[in-house]
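Heads up, the thing below is written out as structure tokens.
The values are calculated or read from the model by the stated rules, or taken from the named source; none is laboratory data. Quick caveat: nothing in here was measured; it's all calculated off a predicted structure. FYI the Cβ positions are ideal-geometry reconstructions off the backbone, even for glycines, and counts take in every protein chain you see. The area values use the complete protein model at the heavy-atom level, side chains included, leaving out ligands, DNA and RNA. Shrake-Rupley method; radii C 1.70, N 1.55, O 1.52, S 1.80 Å.
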Amino acid sequence: MSKTRPAPEPPEPLRPLVDAHTHLDACGAADAESVAAIVDRAEAVGVGQVVTVADDLAAARFAVQAANWDRRVFAAVALHPTRANALDDAAKAELEKLAADPRVVAVGETGLDYYWPGKLDGCAEIEEQVEGFRWHIDLAKRLDKPLMIHNREADHDLLAVLLDEGAPETVIFHCFSSDANMAIACVEEGYILSFSGTVSFKNAHELREAAKLVPDEQILVETDAPFLTPHPFRGAPNEPYCLPYTVRALAEVRDQDPLKLAKITTANARRIYGI
């Protein structure tokens, strides 16, 4: 994400829409007023509800606060796999308390990230990630809430851990970025695949092929803002108001009417998250 590229122009409205995964704190929100301003911009183009997601304890606390400040905001809490080495007993106790809040609609983002170990200072090792992932799976099952997964270059091992632990009733692969074979494997298990702005990237050939294979009832849309801004604004700061760009790109890939896809993904989000 570049700080020099201007924010994208607001898209033509497309409603109804739910942003299934965003990071309001990373978008610059710090209090009730700034949360409302971001969601107001989103609602103006049809994005009426958002799920703001945590990747560390501070973000988890903020996500729950934001969801209680604004009725259009819901939260998901967990420690990101690269931070699984911070999942000590105190962190577990706090996450359990936060995740039980009625405004928290998923446990996430958790999972496995095989890209960053060895590249990022302080990144959790693979063994620590697997242990943390197993704990989050158990938490989701105990709370009967969806499990929101971060998967980067870990397809086989991630599916193996889910199989070994026994997956929660609802599993969401946030920002699905794998190929058609992985999409088929996930669909067969009944998992939900959520697509971000990456599906609009013209060089994302395998991902775009995978997006064609997901049944209507197993698909969500998200921004992952402030990251992964859709084409033609790649590299500019992302925000929930940009979601219609991604939905139109996904609809083109799937040969669907954008309004129909918007209604499908919104119905799915409301059913999956219970919102």
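Here are the numbers for this structure:
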{"item": "Additional length obtainable on full extension of the chain from Ala93 to Tyr115, 0.36 nm per residue less Cα span", "result": "5.1 nm"}
{"item": "Amide proton proximity set for His21, modelled H, under 5 Å, gap of 5+", "result": "Val51, Thr223, Asp224"}
{"item": "5 angstrom amide H check on Ala26, placed H, neighbours 5+ away", "result": "none"}
{"item": "Estimated FRET transfer efficiency when R0 is 45 angstrom, pair Asp164-Asn203 (beta carbons, to 0.05)", "result": "0.85"}
{"item": "Surface accessible to a 1.4 Å probe, Lys212 within the full protein complex, Å²", "result": "100"}
{"item": "Theoretical gain in end-to-end length, Gln256 to Glu127 [0.36 nm per residue, Cα-Cα removed]", "result": "42.3 nm"}
{"item": "Residue-span extension gain [Arg15 to Glu189] - 0.36 nm each, minus C-alpha spacing", "result": "59.7 nm"}
{"item": "Accessible surface of the chain [probe 1.4 Å, protein heavy atoms]: carbon and sulfur percent", "result": "50"}
{"item": "Accessible solvent surface per residue of the chain, calculated while the other protein chains remain in place, 1.4 angstrom probe, Å²", "result": "42"}
